[in-house]
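Written out below as structure tokens is the structure these notes cover.
Here, each number is a calculation from the coordinates, and none is a lab measurement. Remember, it's a predicted structure, so these values are computed and weren't measured experimentally. Heads up, the Cβs are rebuilt from the backbone with ideal geometry, glycines too, and the neighbour counts pull from every protein chain shown.
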Amino acid sequence: MLSGLPGDPVILLGVVNTKLRDFYPSLDVLCDDMQIDRDELSAKLAAIDYTYDAKRNQFV
């Protein structure tokens, strides 16, 4: 569930990457804190050809 996040995947990408950069050390911590499903988030961003890069801590 991605409540509280934008439905548009391009806007979602910007919001998530900003949150990862400014507030969270990893995608797991972001998902746990925001109570969102990591697989659902990753699938939504994969639809626009973005995957999570743990080394960079962002979707690229």
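Scan region 9-27 for residues that are under 10 Å from Lys44 (Cα atoms) and either surrounded by 12 or more Cβ atoms within 10 Å (Cβ to Cβ) or among the small types (Gly, Ala, Ser) (or both) and report the count.
So in region 9-27, the residues under 10 Å from Lys44 (Cα atoms) come out as 9-10, 12-13.
Still in the list and also either surrounded by 12 or more Cβ atoms within 10 Å (Cβ to Cβ) or among the small types (Gly, Ala, Ser) (or both): 9, 12-13.
Residues flagged as under 10 Å from Lys44 (Cα atoms) and either surrounded by 12 or more Cβ atoms within 10 Å (Cβ to Cβ) or among the small types (Gly, Ala, Ser) (or both) within region 9-27 amount to 3.
Residue count for region 41-60 under the criterion of being exposed (fewer than 12 other Cβ atoms within 10 Å of the Cβ) and either among the acidic types (Asp, Glu) or part of a helix (DSSP H, G or I) (or both): the result is 3.
Of all residues in region 1-18, those that are free of Cβ contacts under 8 Å to residues at least 12 places away in the same chain and in a helix (DSSP H, G or I) total 4. When the criteria are applied in full, Asp37 fails the requirement of being free of Cβ contacts under 8 Å to residues at least 12 places away in the same chain and not hydrophobic (A, V, I, L, M, F, W, C).
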